[in-house]
2 protein chains.
Amino acid sequence: MSDTATDYRQMWADLGLNLEAHDMLLGAVGQMYGAAYMSQKDRPEGMSYFDFVISEIHGLRIKELRDHQAAGGKIIGTFCVYVPEEIIRALGGQAVGLCAGAEWAYDEVEQILPRNTCALIKSFMGFKMGQVCPYVEAADLVIGETTCDGKKKAYELFGEMKPTYIMELPQMKRPDDMVLWRGEIDRFVAKLEEVTGHKLTAENLSLAIKEVNDKRRALQRLNAARKASPVPISGKDALLAVQVAFYDDVPRYTEMVNKIADELEARIAEGKGVAPADAPRIMVTGSPMSIPNWKVHDTIETAGGIVVGEELCTGSRYYAKLVDESADTLEGMLDDIAEKYLDINCACFTPNPGRIEDVIAMAKDLKVDGILHYALQFCAPYTIEAYSVEKAATEAGIPVLRVDTDYSMEDIGQLSTRVEAFLEMVK
Amino acid sequence: MSDTATDYRQMWADLGLNLEAHDMLLGAVGQMYGAAYMSQKDRPEGMSYFDFVISEIHGLRIKELRDHQAAGGKIIGTFCVYVPEEIIRALGGQAVGLCAGAEWAYDEVEQILPRNTCALIKSFMGFKMGQVCPYVEAADLVIGETTCDGKKKAYELFGEMKPTYIMELPQMKRPDDMVLWRGEIDRFVAKLEEVTGHKLTAENLSLAIKEVNDKRRALQRLNAARKASPVPISGKDALLAVQVAFYDDVPRYTEMVNKIADELEARIAEGKGVAPADAPRIMVTGSPMSIPNWKVHDTIETAGGIVVGEELCTGSRYYAKLVDESADTLEGMLDDIAEKYLDINCACFTPNPGRIEDVIAMAKDLKVDGILHYALQFCAPYTIEAYSVEKAATEAGIPVLRVDTDYSMEDIGQLSTRVEAFLEMVK
């Protein structure tokens, strides 16, 4: 791999990365991945694709994106499920996630942001300030949004370091909010047409809707397999699949995930699982988990539980809903996109009964033994909504463990103890 | 006062207050007020009105509000400067603030809200859960808003304890946001018409606009006097005047504030001040300060500084802008109301250059020696925007002290030390 590595170093240098720091980062991610993933038994063979993806996470995929740019395409960075990937793709862009799953350059970040800022926000700022995220460095434009106070205000500072465009997500879901949001979709199209130099048409958008829906359908298949007992795939592996969905080439990714789904369906027919049939079935809900944030899943599965579903932005909020494919005009397609995206139930909305309903419905469908409500510390929307989730789940007879944490490993001992006690209790 | 006190106890009991806890609260507020206010030298005589108001804060004023209700009027609780008081007043309602300036019943609050929630939010929830705020108990309806994540989500839980209506404030100030906000004003009118049983007309609204503008004009006069050197009124007293504006009878309040302004103008003519002409002139900007939150002002003025202005919701954001009075149709008046309110520069907006401009313009106009940026801990909008305020002020040559704090007195020693060092430095 030495030749390839040399190639990448030049590419990373061209992107302005801090090479020394970046080496450290890649080393740490590799080590974390090895510890959390490679020790798993009986993994689906198809997961080797994701092993490869992670091993090349800042290598081959970045090379592909740079080639895409060299051919005139654009790279659009974002990490929010409300940013319509279909439009980016229809205009010849590639959507990529921002690095946001690990502590990085917090000393620098805390010069400009309060220490009491959620880990996700400190992380994406830190990866930028520390110059170790090739995705953000390669991006022609970053799309931010107004989903929470922290991101909304942090993007103002981020925008001084990188071209950034902010979409305003409304805070309610009434007809007037849809009017605002529909206008926001039009403004997003105009901005991306300007940046890409392409024109959105019914043809290119229709194709992109189909391709992105196919990606989400593949994830729906993979996740549907987790209803089975024994469960044919670990929660960690299923989480990784959604995390990579934010970065990867769409058709290739869809093909690979469908292959895994085939394999999982065969496993179910054989009654083959990755955990005993009596392992406690846990669903996770709350704040998003970006690569390499596998802490909660790893803790649950190390303790003998099995995660069977994620009501997360890196989970069902990403794949559960599709854009209607029946429209045949551009306006109609954009209406359908606006509708699908506003229909996602993030805790940033008020009121937000849809998320509570989603959580309870998923928990029942997946026959869970317990729910772990995971929130990043200082993430007001999820830490506050946790109360309502817990209340509804308790009324439905489902035990809940609330975990408010961050990206550090300092609380891992306490977290393990709490998770072990919870698994013991629910079984 | 024993007869009156007895009357009030029955009223408080009728309101469902926890009488024992409420006695403790009133005792504590009285003590805090005595310590912070009554020791001041050379106060304007007109401030005796506010001494009376505070001594009767849960007594006479509540009695007036109960009488208003007995006569068929409604009480509308809110503590956000974006809720249009003119409309409440035109419909025969009285707007009152929610108690939110002291630590109360945090143990109960932290059962439902994260500990990492800003003091203002924990406080208004605590006053409700501890049943010690006659304003909230007397209110027929509470108006919440979506200005920040914490309030937005906390109001969902508050709404389970008290009839609550939420206004959606947009997060940007573009034409489409004004469309949403203008619709929000219409929905607010419809809701209040339903609650009050009255109909909004050009006549009653025009009168209410005039009366509320008069109140704000009186505060503008009072605050304009603070430009003088020596300063004719303490920052604490000026802050109190704005704090009471949220609760008091409008015409009486306006008259009393104008009397104080007369007195201040006479003092200026005489060259009379409450602090030496060379006392460091400090402006405060940031999160709101509700009664009895006088901590920062008290610390500055105890240390020998003088607060000459507040760019706060309990400050210039409350009084600096007026509703245009020239419209002669109901629709035109509502347009003007929508415009005036959306023009306020809270840190909840993105981007929010208007606040930075306001801070710098005020600081120059008031010839301040330094700015104290005050933010409640865990208030993401203000703690993050503090960076941009500090940057702009530093570029304008104005020193800034950043204080992130809460309602406890635990940090008072450290705060005093920092403030003393800052005053020493700026002078």
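Structure summary
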quantity	calculated
Matching residues in region A:205-237 - criterion: being under 30 Å from residue A:276 (Cβ atoms) and touching a Lys or Arg at 6+ places or on another chain (Cβ under 6 Å)	A:232
From the options B:368, B:359, residue that is surrounded by 22 or more Cβ atoms within 10 Å (Cβ to Cβ) and in contact with a Pro (Cβ under 9 Å, 6 or more places away or on another chain)	B:368
Single condition residue B:402 does not satisfy, out of (1) open to solvent by 40 Å² or more (accessible area, probe 1.4 Å); (2) more than 18 Å from residue B:312 (Cβ to Cβ)	(2)
Failed item in (1) surrounded by fewer than 23 Cβ atoms within 10 Å (Cβ to Cβ); (2) within 25 Å of residue B:246 (Cβ to Cβ); (3) at pLDDT 95 or above, with residue B:409 passing the rest	(3)
Answer residue from region B:341-353, given it is without any contact (Cβ under 8 Å) to a residue 60 or more places away in the chain and within 23 Å of residue B:282 (Cβ to Cβ) and is surrounded by the fewest Cβ atoms within 10 Å (Cβ to Cβ) among those	B:345
Test set (1) surrounded by fewer than 23 Cβ atoms within 10 Å (Cβ to Cβ); (2) closer than 20 Å to residue B:363 by Cβ; (3) under 15 Å from the mean Cα position of the chain (by Cα) - residue B:295 fails condition number	(2)
Enumerated helices (runs of 4 or more DSSP H) restricted to region B:91-146, each holding at least 1 residues that are touching a residue at least 40 places away in the same chain (Cβ under 8 Å) and of a type in the set (Ser, Thr, Tyr)	B:119-129, B:134-138
Where residue A:112 falls short, out of the listed (1) open to solvent by 10 Å² or more (accessible area, probe 1.4 Å); (2) in contact with a Leu (Cβ under 7 Å, 6 or more places away or on another chain); (3) under 30 Å from residue A:71 (Cβ atoms)	(3)
Qualifying positions in region A:149-169 - closer than 22 Å to residue A:355 by Cβ and facing chain B (nearest Cβ under 7 Å)	A:149, A:150, A:152, A:168
Scope region B:234-273; condition under 21 Å from residue B:139 (Cα atoms) and not in a helix (DSSP H, G or I); matching residues	B:246, B:247, B:248, B:249
Spans of helices (runs of 4 or more DSSP H) in region B:1-81 with at least 2 residues open to solvent by less than 40 Å² (accessible area, probe 1.4 Å) and under 26 Å from residue B:266 (Cβ atoms)	B:48-55
Any chance residue A:172 is within 7 Å of chain B (Cβ to nearest Cβ), under 18 Å from residue B:179 (Cα atoms) and among the aliphatic types (A, V, I, L, M)	yes
The one condition in (1) in a helix (DSSP H, G or I); (2) open to solvent by less than 60 Å² (accessible area, probe 1.4 Å); (3) closer than 30 Å to residue A:119 by Cβ that residue B:418 fails to fulfil	(2)
Near pairs, Cβ below 7 angstrom, 6+ apart or cross-chain, from region A:19-44 (over 11 Å from residue A:236 (Cβ atoms)) to any residue that is open to solvent by 70 Å² or more (accessible area, probe 1.4 Å) and part of a helix (DSSP H, G or I)	A:19/A:9
Only one of B:226, B:221 that is surrounded by fewer than 20 Cβ atoms within 10 Å (Cβ to Cβ), farther than 30 Å from residue A:168 by Cα, among the basic types (Lys, Arg) and away from chain A (no Cβ under 14 Å)	B:221
Positions within region B:313-331 being open to solvent by 20 Å² or more (accessible area, probe 1.4 Å) and more than 20 Å from residue B:235 (Cα to Cα), in sequence order	B:321, B:322, B:324, B:325, B:326, B:327, B:328, B:329, B:330, B:331
Qualifying residue in region A:119-134 (condition: within 11 Å of another protein chain (Cβ to nearest Cβ), open to solvent by 10 Å² or more (accessible area, probe 1.4 Å) and over 30 Å from residue A:205 (Cβ atoms))	no
Those helices (runs of 4 or more DSSP H) lying entirely in region B:313-382 with at least 3 residues of a type in the set (A, V, I, L, M, F, W, C)	B:330-342, B:353-365
Residue list for region A:62-113, restricted to those being within 22 Å of the chain's Cα centre (by Cα) and among the β-branched types (Val, Ile, Thr)	A:62, A:75, A:76, A:78, A:81, A:83, A:87, A:88, A:96
Any hit, region A:93-100, residues being hydrophobic (A, V, I, L, M, F, W, C), in contact with a helix residue (DSSP H, G or I) (Cβ under 6 Å, 6 or more places away or on another chain) and open to solvent by 40 Å² or more (accessible area, probe 1.4 Å)	no
Region B:175-212: number of residues that are open to solvent by 10 Å² or more (accessible area, probe 1.4 Å), at the interface with chain A (Cβ under 8 Å from one of its Cβ atoms) and within 22 Å of residue A:149 (Cβ to Cβ)	1
Options B:396, B:338, B:392, B:380: the member that is open to solvent by less than 10 Å² (accessible area, probe 1.4 Å) and touching a residue at least 24 places away in the same chain (Cβ under 8 Å)	B:338
Cβ pairs under 6 Å, 6+ apart, first in region B:262-282 and within 18 Å of residue B:367 (Cβ to Cβ) and open to solvent by less than 50 Å² (accessible area, probe 1.4 Å), second assigned to a helix (DSSP H, G or I) and at pLDDT 95 or above	B:264/B:225; B:280/B:423; B:280/B:426; B:282/B:300
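Conditions tested, residue by residue: (1) more than 10 Å from chain A (Cβ to nearest Cβ); (2) more than 21 Å from residue B:349 (Cα to Cα); (3) touching a strand residue (DSSP E or B) at 6+ places or on another chain (Cβ under 6 Å).
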residue	(1), (2), (3)
B:378	no, no, no
B:382	no, no, yes
B:388	no, no, no
B:394	yes, yes, no
B:401	yes, yes, yes
B:409	yes, yes, no
B:414	yes, yes, no
B:419	yes, yes, no
B:427	yes, yes, no
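The values are calculated or read from the model by the stated rules, or taken from the named source; none is laboratory data. This structure is a prediction, so every number in the text was calculated from the model and none was measured. Virtual Cβ from ideal backbone geometry, glycine too; neighbours counted across all protein chains shown. Note: areas computed on protein heavy atoms with side chains; ligands, DNA, RNA excluded. Shrake-Rupley method; radii C 1.70, N 1.55, O 1.52, S 1.80 Å.
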